[in-house]
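Okay, so here's the structure we're looking at.
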Amino acid sequence: MTEGHDVQELTDVDIYVYEAVASQTVESGEACFAGLVRASGLTEDEVRRSLATLVQDGYVVPKGDDGYGLGPHTFEVEY
(Lines give C-alpha, C1' and ligand atoms only; values in the text may rest on other atoms or scores of the structure.)
Protein backbone atom coordinates (compact mmCIF):
# COMPACT_ATOMS: atom_id res chain seq x y z
CA MET A 1 0.00 0.00 0.00
CA THR A 2 1.36 3.39 -0.87
CA GLU A 3 1.73 6.17 1.68
CA GLY A 4 -1.35 8.37 1.75
CA HIS A 5 -3.58 5.69 0.26
CA ASP A 6 -7.21 6.65 0.87
CA VAL A 7 -9.49 3.91 2.23
CA GLN A 8 -12.44 5.98 1.02
CA GLU A 9 -11.45 5.07 -2.55
CA LEU A 10 -12.49 1.45 -1.96
CA THR A 11 -15.74 0.25 -3.52
CA ASP A 12 -18.60 -1.09 -1.40
CA VAL A 13 -17.69 -4.62 -2.52
CA ASP A 14 -14.06 -4.10 -1.48
CA ILE A 15 -15.18 -2.86 1.93
CA TYR A 16 -17.47 -5.89 2.44
CA VAL A 17 -14.62 -8.24 1.55
CA TYR A 18 -12.08 -6.34 3.66
CA GLU A 19 -14.41 -6.43 6.66
CA ALA A 20 -14.96 -10.17 6.16
CA VAL A 21 -11.18 -10.71 6.07
CA ALA A 22 -10.76 -8.60 9.21
CA SER A 23 -13.49 -10.45 11.08
CA GLN A 24 -12.21 -13.92 10.18
CA THR A 25 -8.60 -12.93 10.90
CA VAL A 26 -9.54 -11.77 14.39
CA GLU A 27 -11.39 -15.06 15.02
CA SER A 28 -8.97 -17.57 13.51
CA GLY A 29 -5.76 -15.86 12.39
CA GLU A 30 -6.59 -15.93 8.68
CA ALA A 31 -9.54 -15.89 6.32
CA CYS A 32 -10.27 -18.63 3.77
CA PHE A 33 -11.85 -17.93 0.38
CA ALA A 34 -15.01 -19.99 0.99
CA GLY A 35 -15.52 -18.28 4.34
CA LEU A 36 -15.18 -14.87 2.70
CA VAL A 37 -17.85 -15.76 0.15
CA ARG A 38 -20.21 -16.89 2.93
CA ALA A 39 -19.48 -13.94 5.22
CA SER A 40 -19.73 -11.26 2.53
CA GLY A 41 -22.85 -12.59 0.79
CA LEU A 42 -21.17 -11.88 -2.56
CA THR A 43 -20.55 -14.20 -5.50
CA GLU A 44 -17.25 -16.05 -5.84
CA ASP A 45 -16.32 -13.88 -8.82
CA GLU A 46 -17.01 -10.66 -6.90
CA VAL A 47 -14.91 -11.85 -3.96
CA ARG A 48 -12.10 -13.01 -6.27
CA ARG A 49 -11.99 -9.64 -8.10
CA SER A 50 -12.13 -7.71 -4.85
CA LEU A 51 -9.35 -9.78 -3.28
CA ALA A 52 -7.18 -9.12 -6.33
CA THR A 53 -7.68 -5.38 -5.85
CA LEU A 54 -7.16 -5.52 -2.09
CA VAL A 55 -3.98 -7.59 -2.46
CA GLN A 56 -2.66 -5.30 -5.22
CA ASP A 57 -3.27 -2.23 -3.05
CA GLY A 58 -1.77 -3.90 0.04
CA TYR A 59 -4.89 -3.97 2.21
CA VAL A 60 -4.91 -7.79 2.24
CA VAL A 61 -2.04 -10.27 2.00
CA PRO A 62 -2.19 -13.89 0.79
CA LYS A 63 -1.45 -16.55 3.43
CA GLY A 64 -0.83 -20.11 2.27
CA ASP A 65 -2.85 -21.74 -0.50
CA ASP A 66 -6.31 -20.38 0.27
CA GLY A 67 -5.86 -17.91 3.12
CA TYR A 68 -5.76 -14.15 3.48
CA GLY A 69 -4.75 -11.77 6.23
CA LEU A 70 -4.70 -8.04 6.78
CA GLY A 71 -1.92 -5.97 5.32
CA PRO A 72 -0.45 -2.95 7.08
CA HIS A 73 -2.95 -0.12 7.44
CA THR A 74 -3.30 3.32 8.98
CA PHE A 75 -6.95 3.06 10.01
CA GLU A 76 -8.74 1.09 12.71
CA VAL A 77 -11.31 -1.68 12.32
CA GLU A 78 -13.07 -2.68 15.53
CA TYR A 79 -14.50 -6.18 16.08
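Going through segment 32-62 one residue at a time, which ones are over 14 Å from residue 22 (Cβ atoms) and either part of a loop (DSSP other than H, G, I, E, B) or among the hydroxyl-bearing types (Ser, Thr, Tyr) (or both)?
If the condition is that a residue be over 14 Å from residue 22 (Cβ atoms) and either part of a loop (DSSP other than H, G, I, E, B) or among the hydroxyl-bearing types (Ser, Thr, Tyr) (or both), then 41, 42, 43, 53, 57, 58 are the ones that fit.
Please state which of the following conditions residue 12 fails to meet, knowing it meets all the rest: (1) at pLDDT below 95; (2) crowded, with 16+ Cβ neighbours inside 10 Å.
(2)
Filter segment 15-40 for residues that are surrounded by fewer than 16 Cβ atoms within 10 Å (Cβ to Cβ), closer than 14 Å to residue 67 by Cβ and of a type in the set (D, E, K, R) and give the result.
Listed by number, the list holds a single entry, 27.
How many of the residues making up segment 19-66 are in contact with a Cys (Cβ under 6 Å, 6 or more places away or on another chain) and modelled with pLDDT of 95 or more?
Here is the first cut: in segment 19-66, the residues in contact with a Cys (Cβ under 6 Å, 6 or more places away or on another chain) are 66.
Narrowing the set further to residues that are modelled with pLDDT of 95 or more leaves none.
Final tally of qualifying residues: 0.
Would you please list the contacts, defined by Cβ atoms under 6 Å and residues six or more apart or on different chains, that run from a residue in segment 41-53 that is closer than 8 Å to residue 13 by Cβ to a residue that is surrounded by 11 or more Cβ atoms within 10 Å (Cβ to Cβ)?
These pairs meet every condition: 46/13; 50/13; 50/14; 50/17.
The values are calculated or read from the model by the stated rules, or taken from the named source; none is laboratory data. If you're wondering where the values come from, they're calculated on a predicted model, not measured in any experiment. Positions of Cβ are generated from backbone atoms using ideal geometry, with glycine treated the same way; all protein chains shown enter the neighbour counts.
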